[in-house]
Each structure stands twice: as C-alpha cells, then as structure tokens.
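Quick notes on the structure that follows.
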Amino acid sequence: MNVPFNDLYAQYLGLKDEIDGAIARIIADSAFIRGSEVEKFEERFGEAIGVRHCVSCANGTDALYIAMVGLGVKPGDEVITTAHSWISTSETITQAGGVPVFVDTEENGFCIDPEKIEEKITSRTVGIIPVHLYGQPARMDRIMEIAKRRGLWVIEDCAQAHLARFGGQMIGTFGDVATFSFYPGKNLGAMGDAGCLVTNRSDLARHAELFARHGGKGVHEIEGINSRMDGIQAAILNVKLPHLAAWTSARRSLAARYTEGLRGLSDVIVPEERPGGEHVYHLYSILSSHRDELRATLTAAGIGTVVNYPTPLPLLAAYKRFGLGVGDFPVAVSQTSRVLCLPIFPEMGEERVDHVVKVVRSHFGA
Ligand SMILES: *Cc1c(COP(=O)(O)O)cnc(C)c1O
C-alpha cells in the first residue's frame, strides 16, 4: 500500500462539482481580481476566527510583511521570533526593515520557548512573532503576559494552525494581528497562492486595506504594494471553508490514532497534546534519533515523508551575518536533526494510518 504525504487531488474530487462551478462563475463574471467572492471570503473567514477584520492578500508571507509595516517597524527595530519555522516568518522582518532575533524552541513542543524570550528583549525590541508550528498552539498565555508587561506587539503566524485553540480561545485572536496562508497544502488551501491577516484593531485593518492595494485607488494616501487575493482563489476557498471544521476533526482523530499506534516505541517521540492546547496537525511530526534510517524504510515502503525543516532559521546561510551557532539553539538543533513528518490529511483514512504505524513499528522491531 502506497501512502502519499498529501493528496490534494482527493480533496478536489470530493468537491469537484462545486469547485468547477465556482471557477466557471468567476470566468463568466470576469471577476478575476477582488470582487464579491473575495469580500465574502474575508467576511466568513473573519467570522470563523472570531475577529472583526479580515484583509485578504496574495499569500501568507505578504500578510506578515503588511502586518509589520502597519505596526510601524522601522530600520533597526528588533523583532523576536522562533528559531524553528519556515523562512517567511523571519525574512519578512528583514523586508520590513527590522532585525530578526531568534529564540530557541521548547523542549516539549515545537514552538518558541516563552522562558527564553525575556533574555532577548533589548531597548530596540518592538514585537514578538510566535509561530503555531505544525498546528500546535504556542504558549500564548505566557507570550501575551510578557508582551503586555514589556509593551511589545504580537503577530501570530497562523499559517499552519487554522482553527487551533489555546485554552479554549481561537488561535489568531491573542495578538494585535494574526496572519494566515492558504497555500495549497495548508489546512485550508487554495489552488494557488493566497493569504490574509485578521485583527480586531481597525487601524491595522485600514492600513492593510490601503497598503496591500497600492495605497488606494486613484486617490493614493500612501504608497503601497500589490498584494491581492484573486477571485478564483477566493471562490475556491469559499467552497472549502464550510468543510474546514470537519477536516480539522479528521486530522485530530487521525493524529490520535497515530499517537496510540506509536505508543511504547522508545525511539519515537510523538507530538504532545497539551492541556488547553488544541493542536490541528497541519503536520504530524515525530522525533527519532534514527530519523534518516526510519525515513529510508518508509520511502522504500512507498510512504511519503517530509523533514520540516532540516535547519533552524538562524543557522541558514541567509543568516550567516548574525554569526550564530549550533550552541545558541540547542533545542531547535536537536529537534531539526530528529524531526520527521508522517503523512496526514483529512482524506487519508484510518487504514492508511494503521499501515504507516505498522511499517514504523516493524522498522524498530516492535
Ligand atoms: C506557509 C507558511 C508561511 C507563508 O505562507 P505563503 O502563503 O506560502 O507565503 C508563513 N509562515 C509559516 C510558518 C508557513 O508555514
């Protein structure tokens, strides 16, 4: 039995008529950029997260950049973020004129370690960007307490965590603003690039509306950029959004099945479900000290896996200028050398989870 890492086509087939119809409608109306589907999506996604404003844009990376410009990041401003994420989180800090300051990850989880944030705060620090990596909520109680006490803004990078909750509260509602990606493989995926930011702050929403659309139409109050969600992507997302809650439950129950099945293997650490933290399993990521051998076995068995991400951000060639080393991020270094993402997607089904579990267990002779 082959198990692909993800199967976007299976999701499309389940909604084929609706998606085809939505695309045809956009073509018939020539509503290619902006238009009623985009407005509808902004309204509905904002409601789903429980925030007053949702501003769509071209992708999740732009959403981070737009949010930082709105928050007034200036040259030399330091922004604290996690050592373990996709590079969008840190490259947009630089893009906005700031300096990324990396913090190591937590021992029992994959997100920024709140206990290591304060030692990185200086007089130049302006904000914190936690990432809910793999769909696991970062410790927002501690992070918000620090941010409030030290007068810092918070952008939640929710690109991998649609509908995750922390302490019963929806992820994306803790900080000043939160950003989402609808890259095809994300928990809510378009058929191309798309993203948005959500916020309860009307000043940030208004800035984003203007800045992402050239600072206005005809009357330009400010200079901006061109970052728009197109009508076809919005129409597809409007078809998919009503299914997101059910897909999230499916991910959570497949993950629970993996966790149960992998129990008792001494060289496999399963992702932690923390009290109060509702993980949405964008990825099901295990840690194994023999990761590469395990991965080879799975590949040989026709099971797709991914290493997300092989290197902590501060140790990438892109950040050589900071002169940081492996000793500065011991937890992230250890995690990135052991992490392996197993297949998980809503349409996967229990049988295929059981098959992957069987192959992992037999690899370890269990
Ligand atoms: C996917 C992702 C982004 C960027 O989203 P794009 O839509 O691909 O630009 C940002 N941060 C994280 C953590 C991501 O996984």
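Where a number appears in this text, it was derived from the coordinates with a stated rule and is not lab data. All values reported here derive from a predicted model rather than from experimental measurement. Please note: Cβ atoms are built from the backbone with ideal geometry, for glycine as well, and neighbour counts cover all protein chains shown.
Brief remarks on what is shown
- Spin-label proximity, residue 311 to segment 49-91 - amide N less than 18 Å from point 7 Å beyond Cα toward beta carbon: 82-91
- Modelled spin-label separation between residue 43 and residue 289, with each label point placed 7 Å from Cα along the Cα-to-Cβ direction: 5.7 nm.
- Relative contact order, whole percent, for segment 192-253 stands at 24, derived from Cα pairs under 8 Å and 6 or more residues apart.
- Within the chain, the whole DSSP H helices whose Cα atoms reach 24 Å or more along their own axis and whose mean Kyte-Doolittle score is at least -1.0 are 244-261.
- Spin-label pair residue 318/residue 115, simplified geometry with 7 Å Cα→Cβ offset, distance in nm: 3.0 nm
- At full extension, residue 2 and residue 272 could sit 94.5 nm farther apart than now, given 0.36 nm per residue minus the alpha carbon distance.
- Cα gyration tensor, the chain - rounded (a/c under 1.5), prolate or oblate: oblate
- Three-way shape call for segment 1-137 based on the alpha-carbon gyration tensor, with the a/c threshold at 1.5: oblate
- The chain: calculated mean residue ellipticity at 222 nm from DSSP helix runs of at least 4, using -39500 (n - 2.57): -11500 deg cm²/dmol
- Local electrostatic count, residue 210, Cβ distance below 12 Å [Lys/Arg +1, Asp/Glu -1]: -1
- With the cut-off at under 14 Å, measuring from each backbone N in segment 230-262 to a point 7 Å along the Cα-to-Cβ line of residue 32 picks out 230-233.
- With the simple spin-label model, which puts each label point 7 Å out from Cα in the Cβ direction, the residue 123 to residue 95 separation comes to 3.1 nm.
- Gap separating the Cα centres of segment 255-281 and segment 11-55, nearest whole Å: 34 Å
- Electrostatic dipole magnitude of the chain [Cβ: Lys, Arg +1; Asp, Glu -1; Cα centre; debye, to 20]: 180 debye
- The packing ranking, built from the mean of other Cβ atoms within 10 Å per residue, places the peptides 102-109, 30-37 in the order 102-109, 30-37, highest first.
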